[in-house]
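Colleague: Provided herewith is a single structure, encoded as structure tokens, for subsequent inquiry.
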Amino acid sequence: MDFDFTQEQLLLQDSVRKFLEKNYDFDTRREIVAARQGFGPMAWQGLASLGLLGVNVPESHGGFGGGGVETMIVMEAFGRHLVVEPWVASAVMGTSCIVTAGTDDQRNYLLPLMASGEMKLACAFLEPGGRYDLSRVATTARLEGGFWHISGSKAVVVHGAVADLLIVSARTAGQPGDAEGISLFFVNPGEEGVEGREFPLYDGTRAVEASFHDVRVSSDSLIGVQDQGLPLVELVVDRAIAALCAEAVGCMQALMERTTEYLKTRQQFGVPIGRFQALQHRMVDMLVHTEQARSMAMLAALRVESPDAAQRRKAVSAAKELIGRAGRFVGQQAVQLHGGMGMTEELDVGHYVKRLQAIDTQFGDADWHLDRFVAAEAAAPLPDFSRPRSKWKKL
Amino acid sequence: MNLDFTPEELAFRDEVRGFVRSHLPRELSLKVIEHKRLSKDDYLVWQRILHGRGWSAPSWPRAFGGPGWNAVQRHIFDEECAAAGAPPIIAFGVYMVGPVIIAFGSPAQQAKYLPRILSSEDWWCQGYSEPGSGSDLASLKTRAERRGDTYVVNGQKTWTTLAQYADMMFCLVRTGAGGKKQEGISFLLIDMRSPGVSVRPIITLDGEHEVNEVWLENVEVPVENLVGEEGRGWTYAKFLLSHERSGIAGVSRSKRELAWLKHIAASETDGGHRLIDNPRFRDKISRVEIELMALEITNLRVLAAEREGKPPGAEASILKIKGTEIQQSLTELMMEAVGPYALPHLPLSWGDHWLGEHVGPAYAAPLAARYFNYRKVSIYGGSNEIQRNIVAQQILGL
């Protein structure tokens, strides 16, 4: 048991932190958001040249060969800087989809392009009316004349408009809600029949509502096993959730620092407001939430690699549940303790608060993950208190 | 980064597990798990079994008769003992005064008291709080006047846990006047059989006798019972408070209590279904479980730092705040789980020699009393508000 990073991980942490400090301050980030491109081309190339787009790419394909812990390191730093780049969409979700289930050809072609920053991916898994349920797939794909024909709609595809390639879940059998019968496909957004309505999210990222009208893709666009796509979707989303948990911890840490500093400098009634016990205790509660969140982000980062899907699910959902609530608490209190200043667009505090709220909503909020946690728990046997007496020594 | 124990730690865990399995009496573990009232003997039986193995003082160095375990080994020991339903080690001798005597006591004090703590010959109690000095402990008024080779002690201590069993008390007394209130406090070891010591029970809202008032009237204490230097008692008291704090989270015991809560909730029925399947109740259980999962990691983070020689500072306060909140939630949910059978109040039914019938399920009998009793955990050991003050000052710098 240890909580130390390896030398490589420390170097990774150092390089991502330094890069962001130099190239991604709050003003730069504001410009990137204002440009409405959905990402910062300079920043993205910078990340590529540092090798950060290949963190989850195996070494055999020229990447860093990282996993949950490396993702956590990167995302915590991204959280502190409110990075809006499509890193989770492409370098976590897209990448792990291909690494886990891609054919040799798909890997050999796509992974180097993704690591170099030439190609960005986004995943279109959720549908209107399906809330967070990954099995509510009404989009259909049928094989006809050697091509897959895809029809349907996808909801709030984050970074969908900047993606060079989409990964779309579609039903090849069964009904919406069935665990079986889901398959994944690469879809080029430039393909005829693909339509997207692009819009900003309140946290500064951008997304699309996508629809597919009999979109024709080649037969080798299938990823993984036909009809058996749901476990892969869940794995990929769990990796994204673990990443967002770490990002949330970065956001909370930043809010803690800013709020503590504000309490030490803001004067009212002739003293720094941090002298007031009501505010001190509130800050301590924020710290307790942040430390509990940090622990859960670590647990998620480690367990997301578990080959035992039940263990992975339980840990990831527990983390998302706790971090959803913790992030909301820390965010709300950070605004409260900043008073009127916390309400302004000018200060970064509100932007962290909005990002934390968006993280809670993405891939299932606290309630949704509490449900999933309970389901994972229900599958486990209850504690047994009826051990045989004979094993025990008498008094 | 990983959460797995090393092969050596796993081997250690198996050794502890094997020992606990074969030596913890079944009847005793059932009493612990089912929240029966524990007698003095119940604690002593287990303490002596541990002593036979050299494990009665897990945090002590080898030179003083401890096993010399590191923080992680101590954690593993706690986990195994708690999971099996062993009675907790009474902290006053082993975890509180023992380390102070090791660090600041004279060789004569070490030779006299430490072996008696290890063997449980002496039951210790803590003479800290006074009627006028709770959170503001340093304002204490109990006086010790030096007359030749003795101190004459006068004053009153309160909330003295299990003083009714105690042979010895470590006591903060005022030996000097003037200056800061933290100065002039000394750390005395008082024989509870000394003339002038009287112990009066305080019955708590659960109806139990756990804490006491201790009156000290012209109690003569030999000067060799002064620990360290006169007037330095506050330093030793603070050392004591910072020692062995990682266990303060109570994670191991809360894990066992969570399992027992699930057992109860699965045994209770609600509208023809198991209570545990009632989504409203299940959510409450799961929220506590998730908080406990997080606290376990937070605790391990502190332990790992401790293993590398970084003593826990104000982090222990975070563990105390969250740990006690979880402990209280668990008692609350257990009481809720049994519905109307939380109401009957038959205190004899959770003690020894109860031959009567239970009203409702046996596990329900002590749950309400336990819920009321556990309101104490956010008050004792420095109230959670004091812990927040400590964190605000020492970690946040406010």
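The numbers here are math on the coordinates, done by the rules we state, and not lab data. Nothing here was measured: the structure is a model prediction, and the numbers come from that model. Backbone-built Cβ (ideal geometry, glycine too); neighbour counts: all protein chains shown.
Colleague: What FRET efficiency would be calculated for the residue pair B:His23, A:Ala35, taking the C-beta separation as r and a Förster radius of 60 Å, to the nearest 0.05?
Modeller: Values: r = 70 Å, r/R0 = 1.17.
Using R0 = 60 Å, I get an efficiency of 0.30.
Colleague: Rounded to whole Å, give me the distance from the Cα center of segment A:77-154 to that of segment A:1-31.
Modeller: 25 Å
Colleague: Still on this structure: I want to verify the translational diffusion coefficient of segment B:275-345 in µm²/s; compute it with Stokes-Einstein, Rh as the Kirkwood radius over Cα pairs, at 4 °C and 1.567 mPa s.
Modeller: Values: Rh = 14.0 Å.
Approximately 92 µm²/s, per Stokes-Einstein.
Colleague: Let me ask something additional. Rg and Dmax in Å for chain A, alpha carbons only: what are they?
Modeller: When restricted to the Cα atoms of chain A, Rg and Dmax are 22.4, 80 Å.
Colleague: Another question, if that's okay. Over segment B:132-237, what portion of Cα pair distances is larger than 21 Å, expressed as a whole percent?
Modeller: Working: 1834 of 5565 pairs.
Considering segment B:132-237, 33 percent of its Cα-Cα pairs are separated by more than 21 Å.
Colleague: Non-local amide H neighbours of B:Glu130 (under 5 Å, H modeled in plane, Pro and chain starts lacking H): which ones?
Modeller: B:Thr158
Colleague: Right, next: Find, among the trypsin sites (Lys or Arg not before Pro) in segment B:166-233, those assigned to loop by DSSP (not H, G, I, E, B) with at most 11 other beta-carbon atoms within 10 angstrom. Could the numbers behind the result be given before it?
Modeller: On the way: sites: B:Arg174, B:Lys180, B:Lys181, B:Arg193, B:Arg232; in loops: B:Lys180, B:Lys181, B:Arg193.
Answer in residue order: B:Lys180, B:Arg193.
Colleague: Treating only the Cα positions of segment B:329-398 as identical point scatterers, give the base-10 log of I(q)/I(0) from the Debye formula at each q in 0.12, 0.13, 0.18, 0.25 Å⁻¹.
Modeller: Taking Cα atoms of segment B:329-398 as identical point scatterers yields -0.47, -0.52, -0.72, -1.03.
Colleague: Okay, next question. Extending each Cα 7 Å along its Cβ direction at B:Glu308 and B:Ala103, get the distance between those two points in nm, one decimal.
Modeller: 2.3 nm
Colleague: I need the per residue convex hull volume for segment B:245-395, using only the alpha carbons, in cubic angstrom as a whole number. All intermediate terms of the calculation are to be shown ahead of the outcome.
Modeller: Numbers: hull volume 18.6 nm³, N = 151.
Spread over its residues, the Cα hull of segment B:245-395 gives 123 Å³ apiece.
Colleague: Across segment B:2-105, how large is the tail of the calculated P(r) beyond 21 Å, expressed as a percent of all Cα pairs?
Modeller: Values: 1956 of 5356 pairs.
Looking at segment B:2-105, the distances longer than 21 Å represent 37 percent of pairs.
Colleague: Take the Cα coordinates of the protein assembly as shown, assign each an equal point scatterer, and use the Debye formula without solvent to give log10 I(q)/I(0) at q = 0.11 Å⁻¹.
Modeller: Ignoring solvent entirely, the Cα scatterers give -1.25.
Colleague: Calculate, in nm to one decimal, what B:Trp354 and B:Arg146 gain on full extension: separation in residues at 0.36 nm each, minus their alpha carbon distance.
Modeller: On the way: separation 208, 0.36 × 208 = 74.88 nm, distance 5.00 nm.
Result: 69.9 nm gained on full extension.
Colleague: What share of all Cα pairs of segment A:230-378, in percent, falls into each consecutive 10 Å distance bin?
Modeller: 12, 39, 27, 15, 6, 1, 0
Colleague: Return an integer: the convex hull volume of the alpha-carbon atoms of segment A:1-145, in Å³ per residue.
Modeller: Working: hull volume 24.6 nm³, N = 145.
Convex hull volume per residue, Cα atoms: 169 Å³.
Colleague: Ranked by Cβ crowding within 10 angstrom, fewest neighbours first, how are A:Leu53, B:Leu3 ordered? Write down the numbers at each step before the final one.
Modeller: Numbers: A:Leu53 28, B:Leu3 14.
Least crowded to most crowded, the residues run B:Leu3, A:Leu53.
Colleague: Can you give the three extents of the C-alpha atoms in chain B along their principal axes, from longest to shortest, in whole Å?
Modeller: So the extents along the principal axes, rounded to whole Å, are 75, 49, 48.
Colleague: Partner chain Cβ atoms within 10 Å, averaged over the residues of A:290-299 - can you pull that number for me?
Modeller: 6
Colleague: Step through the table entries A:Lys120/A:Lys320; A:Lys314/B:Lys31; A:Lys314/B:Lys376; A:Lys320/B:Lys284; A:Lys120/A:Lys314, compare each Cα-Cα distance with 28 Å, and write down the pairs that go over it.
Modeller: Numbers: A:Lys120/A:Lys320 26 Å; A:Lys314/B:Lys31 32 Å; A:Lys314/B:Lys376 33 Å; A:Lys320/B:Lys284 16 Å; A:Lys120/A:Lys314 30 Å.
With Cα atoms farther than 28 Å apart: A:Lys314/B:Lys31; A:Lys314/B:Lys376; A:Lys120/A:Lys314.
Colleague: Return the loop-located chymotrypsin sites (Phe, Trp or Tyr not before Pro) in segment A:261-318 (DSSP other than H, G, I, E, B) with at most 10 other Cβ atoms within 10 Å of their own Cβ; answer none if there are none. Mind dumping the intermediate values first?
Modeller: Details: sites: A:Tyr262, A:Phe269, A:Phe276; in loops: A:Phe269, A:Phe276.
Here the sparse-neighbourhood loop sites are A:Phe269.
Colleague: So, R0 is 41 Å and r is the distance between the beta-carbons of A:Asn188 and A:Leu10; what FRET efficiency does that work out to, to 0.05?
Modeller: Values: r = 39 Å, r/R0 = 0.96.
Computed FRET efficiency for A:Asn188 and A:Leu10: 0.55.
Colleague: Work out the FRET efficiency for B:Ala266 and A:Ala379 from their Cβ-Cβ distance, taking R0 = 25 Å, and round it to the nearest 0.05.
Modeller: 0.95
Colleague: At most 14 other Cβ atoms within 10 Å and a DSSP loop assignment: could you name the GluC sites (Glu not before Pro) in segment B:257-334 that fit? Before the final figure, lay out each step's value.
Modeller: Numbers: sites: B:Glu257, B:Glu268, B:Glu289, B:Glu291, B:Glu296, B:Glu306, B:Glu308, B:Glu315, B:Glu325, B:Glu332; in loops: B:Glu268, B:Glu308.
The qualifying sites are B:Glu308.
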